[in-house]
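Shown next, in structure tokens, is the structure this report addresses.
The values are calculated or read from the model by the stated rules, or taken from the named source; none is laboratory data. In this text, all values refer to a predicted model and were calculated from it rather than measured experimentally. Counting neighbours? That spans all protein chains shown, and the Cβs are built from the backbone with ideal geometry, glycine included.
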Amino acid sequence: MTATHSTELDQFATDVLAGLSARPKHLSSKYFYDDEGSRLFQEIMKLPEYYLTGCELEIFERQADDIFKAFVNGSNAFDLIELGAGDGTKTAVLISHFLARDADISYSPIDISQEALDALTTKFATEFPALRMDAKQGDYFHILKSLKNSRGLRKVLMFLGSNIGNFSRDQSVEFFCHLREVMNPNDLLFIGFDLEKDPHVIANAYDDAAGVTAAFNLNLLARINRELGADFDLDKFVHYANYRPIEGSARSYLISREKQEVHVAALKRNFQFEQWEAVFMEISQKYTIRMIEDLAADSGFAIKRNFFDGRNYYCDSLWQLV
Ligand SMILES: C[S@@+](CC[C@H](N)C(=O)[O-])C[C@H]1O[C@@H](n2cnc3c(N)ncnc32)[C@H](O)[C@@H]1O
């Protein structure tokens, strides 16, 4: 085991201990993405209920040239850095267009999941053999510092797929302030926001009929079993998701079907669950344009341009430093 892996495992154990000892119990959604979690998320993106992927894809397919014009700055050269890149399917649409416009670009995908990065690297190496790529595996909070030094060209940081929705408002401002520290005055930040819409549409996206989202959530318990030697019985938990229209947030939980005790060997601890006790798993925040404007202002950015899909379900917002 490498030092990095053992540090990551220690952090995982520390976070699981804190989350399962808290009231209400919670687990961090960043741990969803082990190899199986990444595979399940790729399935989620193909589900009919999970409209987010289709919306962002539509924006990229229809407005790639406007996005390109907004990214370039005099010359056609810039560095693309993607935080939480996943399998990069949507980004490939942009890169394909940029290369067709003779852009001189490099691409640095960053992801905590090696499985996702491997899928991306294989796909991109075949599709874009001439593209300069520098994939980095790890937590983007840790890798951020290394982004400070680049080719001296404009950097465009991308945070797509409504990743930002998994952060609380305070965490979002803190995250964007960290990004600001590694950005030069000319750099840009491109963020995918899921917008408020019919609550039924949102609720279904986090509770699909085929049960893939349920499997994705339950997989985190399987990961704790495997990596921390726990004995969670997955059949004794049920996935539950809802949407709160006042707060504009979808939330997902795993609910204990019965009173039970779970042992986590790596923590040398037992954890008690009451019947119907909920473990909070993930928040997926939805936004209004006003919320996006306020978030940009509070984080030291101004909106350069917003790109919407045809139904106004989703917004890719391009920010510059103020
Ligand atoms: C919701 S998916 C979005 C993937 C891609 N951006 C898209 O739009 O399809 C979130 C991605 O971020 C990665 N991720 C989550 N937390 C992370 C972290 N703290 N550091 C690095 N990557 C992270 C996951 O592995 C996953 O691939």
From (1) out of contact with any helix residue (DSSP H, G or I) (no Cβ under 6 Å at 6 or more places or on another chain); (2) surrounded by 15 or more Cβ atoms within 10 Å (Cβ to Cβ); (3) over 23 Å from R305 (Cα atoms), pick out the condition that doesn't hold for T53.
-> (3)
Could you please tell me which pairs satisfy a Cβ distance under 7 Å, a separation of 6+ or placement on different chains, a first residue in the stretch 226-253 that is of a type in the set (D, E, K, R), and a second residue that is modelled with pLDDT of 95 or more and assigned to a loop (DSSP other than H, G, I, E, B)?
-> K236/R257; K236/E258
E247 being surrounded by fewer than 20 Cβ atoms within 10 Å (Cβ to Cβ), at negative phi and not in a strand (DSSP E or B) | yes
Are there any pairs with C-beta distances below 9 angstrom linking a residue in the stretch 122-150 that is under 27 Å from F176 (Cβ atoms) to a residue that is part of a loop (DSSP other than H, G, I, E, B) and among the β-branched types (V, I, T), with the two at least 6 apart or on different chains, and if so which?
-> Q137/I112; G138/I112; D139/I112; Y140/I112
Scan the stretch 254-272 for residues that are in a strand (DSSP E or B), crowded, with 18+ Cβ neighbours inside 10 Å and either under 22 Å from the mean Cα position of the chain (by Cα) or in contact (Cβ under 8 Å) with a residue 24 or more places away in the chain (or both) and jot them down.
-> L254, V262, V264, F271
Go through the stretch 158-189 and give me each residue that's assigned to a helix (DSSP H, G or I) and either on the phi > 0 side of the Ramachandran plot or among the hydroxyl-bearing types (S, T, Y) (or both).
-> S172
Hey, among S38, S28, which residue is buried (at least 21 other Cβ atoms within 10 Å of the Cβ), within 16 Å of the ligand (Cβ to nearest atom) and within 30 Å of I255 (Cβ to Cβ)?
-> S38
Qualifying residue in the stretch 5-21 (condition: part of a loop (DSSP other than H, G, I, E, B), within 14 Å of the ligand (Cβ to nearest atom) and closer than 28 Å to H142 by Cα) = no
Mind checking which residues of the stretch 1-17 are surrounded by fewer than 16 Cβ atoms within 10 Å (Cβ to Cβ) and either closer than 16 Å to N270 by Cβ or modelled with pLDDT under 95 (or both)?
-> M1, T2, A3, T4, H5, S6, T7, L9, D10, Q11
Kindly indicate whether G192 is buried (at least 17 other Cβ atoms within 10 Å of the Cβ), within 13 Å of the ligand (Cβ to nearest atom) and not in a helix (DSSP H, G or I).
-> yes
In this structure, does I303 turn out to be without any contact (Cβ under 8 Å) to a residue 24 or more places away in the chain, among the β-branched types (V, I, T), surrounded by 14 or more Cβ atoms within 10 Å (Cβ to Cβ) and outside any loop (DSSP other than H, G, I, E, B)?
-> yes
Members of the stretch 82-106 that are within 13 Å of the ligand (Cβ to nearest atom), within 23 Å of V182 (Cα to Cα) and either of a type in the set (S, T, Y) or surrounded by fewer than 21 Cβ atoms within 10 Å (Cβ to Cβ) (or both) | T91
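Let's see how each residue does on (1) touching a helix residue (DSSP H, G or I) at 6+ places or on another chain (Cβ under 8 Å); (2) closer than 13 Å to F232 by Cβ:
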residue	(1), (2)
L254	yes, yes
K259	no, no
A265	yes, yes
F271	yes, yes
K286	yes, no
I289	no, no
Only residues in the stretch 167-189 that are surrounded by 12 or more Cβ atoms within 10 Å (Cβ to Cβ) count as the first member; pair them with residues that are of a type in the set (S, T, Y), Cβ under 8 angstrom, at least 6 apart or cross-chain, and list the lot.
-> S172/S299; V173/S299; F176/S299; C177/S299; R180/S299
Output the residues belonging to the stretch 164-189 that are within 14 Å of the ligand (Cβ to nearest atom) and of a type outside the set (A, V, I, L, M, F, W, C).
-> G165, N166, Q171, S172, E174, H178
Test I143 against the stated conditions and say whether it is modelled with pLDDT of 95 or more, within 12 Å of the ligand (Cβ to nearest atom) and among the aliphatic types (A, V, I, L, M).
-> no
Which condition number in (1) in contact with a strand residue (DSSP E or B) (Cβ under 8 Å, 6 or more places away or on another chain); (2) in a helix (DSSP H, G or I) is the one that Y107 fails?
-> (2)
